[in-house]
Amino acid sequence: MQEKSYFDTRSAKTLEKIEKLMNELPYFAENFFIGIENRTTPLTRLNYAYDLRIFFDFLAKKVFRNKHIGEIGLEDLEKLSASDIELFLSYLSHYTVNGKTESCNERGKARKLATIRSFFKYFFNKDAISSNVAAKVSMPKLHEKEIIRLESNGKINEIAAILNTADTGNGLTKKQQQFHHLTRVRDVAILTLFLGTGIRISELVGIDVNDIDFNTNAFIITRKGGNRKMLYFGPEVRSALEDYAVERNRNPASEKTKAFFLSLQNTRISTRTVQELVKKYAKIVSPLKKITPHKLRSTFGTNLYRETHDIYVVAATLGHKDVNTTKKHYADISDDIIKNAVTNVKLRDKND
């Protein structure tokens, strides 16, 4: 039997989770998920299911106190007001679901409100409810997030430092050093690929052996939504990937899987393992910054923008569907470029 791709396997597991969550939602929720299936990914629908479970748990506890979630019907949605949904947003600051105490920040609240809006809009458009009260609730005000990335300006070169740390193992605990010789080449390749191409963690984990072509310095990744995209890498990335490919091929167990990056158990490396290895090396190099794979992606985007001064090139390379997303993340770098350009404008030659 042919081995399934990482994304096919992930999609199947996600659909199983959605199916399980459906048993915890009112009967009519299934119509919503069927209705949005052709225009959303399984991961998007899973997040919707989690959000709706919290929402209906709230309704059962705080609004329809004499009903279980399964007893809530569309006629009950008709009874809700915008104030009820605003109360839900307040509830999200500190709530309990499935025995766990949770809390949402402004972005978490905004995402859940967006889910509820989509849910009400669907049934309103289907004439299943007479009004869409969710549309009357304003989105929470979102404050700008601090942009965190590794620096490589002047005397500070955190990019080189994290790669050197992964290469040498300097700064690791004794326990970490016991395994370092087994993962050194792989970890350097992973960090170099993040920093040299800006791909997402899921895109990296999903790379198969046949997705990389060293003859053209190109590789294929699967973007959000399932689209396949060819990207290119430079000499440093090529060198790191080739070193790892040689080591990987020495391992007889590697023939049993098409995954490029392997765990110590000779299976496809997990996103959790990648997150932990990035955290491990970044903590040594930059202990005050919470560096994640996504922050390495931001680091690459910053360097690419400084190199090209072209926000559209950065957007295309990072796979942003909306260039405004890219502008938002790299606005401060744009200000730096503008400042440098303005200060270098000459109005009079000194010899005049």
Residue under question is Ser81, and the condition is that it be over 16 Å from Phe120 (Cα atoms), surrounded by fewer than 15 Cβ atoms within 10 Å (Cβ to Cβ) and either in the same structural domain as Leu113 (by TED's automatic domain parsing) or of a type in the set (Val, Ile, Thr) (or both); does it hold? no
Counting just the residues of region 88-122 that are out of contact with any Asp or Glu (no Cβ under 7 Å at 6 or more places or on another chain) and aromatic (Phe, Trp, Tyr), which one comes out nearest to Met139 (Cα to Cα)? Phe88
With the structure loaded, tell me whether Leu52 is more than 20 Å from Asp127 (Cβ to Cβ), at pLDDT 95 or above, assigned by TED's automatic domain parsing to the domain that holds Gly108 and surrounded by 16 or more Cβ atoms within 10 Å (Cβ to Cβ) or whether it fails that test. yes
Kindly establish whether Ala245 is modelled with pLDDT under 95 and part of a helix (DSSP H, G or I). no
How many of the residues in region 170-224 are within 20 Å of Phe300 (Cβ to Cβ), touching a residue at least 40 places away in the same chain (Cβ under 8 Å) and of a type outside the set (A, V, I, L, M, F, W, C)? 13
Those residues of region 126-159 which are within 16 Å of Lys289 (Cα to Cα) and within 26 Å of the chain's Cα centre (by Cα) amount to Lys145, Glu146, Ile147, Ile148, Arg149, Leu150, Glu151, Ser152, Asn157, Glu158, Ile159
Single residue of Asn210, Asn249, Asn227, Asn215 found to be of a type outside the set (Ser, Thr, Tyr) and closer than 30 Å to Arg39 by Cβ: Asn227
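Of all residues in region 246-304, which are of a type in the set (S, T, N, Q) and in contact (Cβ under 8 Å) with a residue 60 or more places away in the chain?
Scanning region 246-304 gives Thr257, Ser270, Thr271, Gln275, Ser286, Ser298, Thr299, Thr302, Asn303.
The values are calculated or read from the model by the stated rules, or taken from the named source; none is laboratory data. None of the values given here were measured: they were computed from a predicted structure. All Cβ positions, glycine included, derive from the backbone under ideal geometry; neighbour counts span all protein chains shown.
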